Each structure stands twice: as structure tokens, then as C-alpha cells.
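Structure first, commentary second.
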Amino acid sequence: LNISIVRMTHNRPKIALYQPDIPQNTASIIRTCSCLGIILEIIEPCGFIINDQKFKRVVMDYYDAKNINFYRSPEKFFMSKINKRIILMTTKSKKSYEKFLFRQDDTVLFGRESVGVPSGVHKKANHRLTIPMMNKKRSLNLSSSVSIVISKMLNQNNF
């Protein structure tokens, strides 16, 4: 029984945040991931203090350390993903997430709210996708984007 529980957790989709800048967005994403059983991975450094009392107040009781992995650097994150698919969500892609086939153990990476991810991170991603928007708008809120993609991933994988 314990083996299947571990396997189920291991095969859950993962959302990764690259050096997030805005604590409110990160708190909202923690809550979403907690409620839907998604593993959250945070690539440091963050643009705020994760242990700050104000941040903890916003996260409330949704912060579950066993469902959040921290990586001290992008290199450590990518080293942990050898032979795993990383899908980068970016405004710099023309390929829509809508027709992409997500797998159960994919990691979907989202960039910083202020600047996205550096070109080296773009090159390390297996796929680069975008959420199509009307009238060439610049971008959606990070928390909204994560929720949209999580919904697609869960639906495709019958979670």
C-alpha cells in the first residue's frame, strides 16, 4: 500500500516556479497546488523571504512542506530532472498549450513575473508552450496561468 502511494505522488504533475518575485502569486499557487494534489517546485532565489510571517499569513494552512520542493539554484533543479520532461510556459512561443499532450510526471516551468527566464533555461526545456491571448496582450497573471495549465494537465491525465 505504501509503495503505490509513493508512486502516485511521484507521478503527479509538477509545477515549477523560476525565482518567483511576487509573494501573493506564489501563495496563491501554493494554495492551488495543495488543493489539487500538485507538487510545487520553487527554484531559488525568490524575490521575497519565503519564511516571512506576512507570507505565511497569506499562505495560511495550505503550506505543506512535503508537497513543495526547493532548489537552491537552476542547476540543481535541472540536475534533478535528467530523463524527465520540462515544459516551459512562455510568451515567447507560438505553440499553444491547448493541443499539447501532457504526461502524468511532467514538470511545467513558469518564469519570473518580471522577466520570465533567461535564454539558457529556454534551451534546457524540452518544450516551450504559450497560452494564446486575444489582441496581443502581454501576459496573464502568473497564478491564473498556472491554474489554466493545471486544469488541462489534470483533465488529460484523468486525475
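Descriptive notes on the structure:
- Net lengthening on full extension, F100/S151 (0.36 nm per residue, minus Cα-Cα): 17.1 nm
- Computed with a 1.4 Å probe over protein heavy atoms only, the accessible surface of the chain comes to 60 Å² per residue.
- By a 1.4 Å probe calculation restricted to protein chains, F102 has an accessible surface near 10 Å², given to the nearest 10.
- Compactness check for region 76-136: Cα Rg over 2.2 N^0.38 Å is 1.14.
- The chain: calculated mean residue ellipticity at 222 nm from DSSP helix runs of at least 4, using -39500 (n - 2.57): -10500 deg cm²/dmol
- Cα centroid separation, region 15-49 to region 105-142 (Å): 15 Å
- DSSP finds beta bridges in region 37-119, and of those with both partners inside it, around 10 percent are antiparallel.
- Dipole magnitude of the chain about its Cα centre (Cβ charges: Lys, Arg +1; Asp, Glu -1), debye to nearest 20: 560 debye
- Low-density loop positions, trypsin sites (Lys or Arg not before Pro), region 124-159 - DSSP coil, at most 11 other Cβ in 10 Å: K137, R138
- Bridge type composition, the chain - antiparallel percent by DSSP, nearest 5: 5 percent
- What the phi angles of region 101-118 give under the Karplus curve with 6.51, -1.76 and 1.60, with θ = phi - 60°, is a coupling list of 9, 7, 9, 4, 9, 5, 10, 9, 9, 10, x, 5, 4, 7, 9, x, 10, x Hz, glycine and proline written as x.
The values are calculated or read from the model by the stated rules, or taken from the named source; none is laboratory data. For clarity, every value in this text was computed on a predicted model and none was experimentally measured. A quick note on method: Cβ atoms are made from the backbone with ideal geometry, for glycine too, and the neighbour counts reach across all protein chains shown. Ligands, DNA and RNA are excluded from the accessible area calculation, which covers all protein heavy atoms including side chains. Shrake-Rupley method; radii C 1.70, N 1.55, O 1.52, S 1.80 Å.
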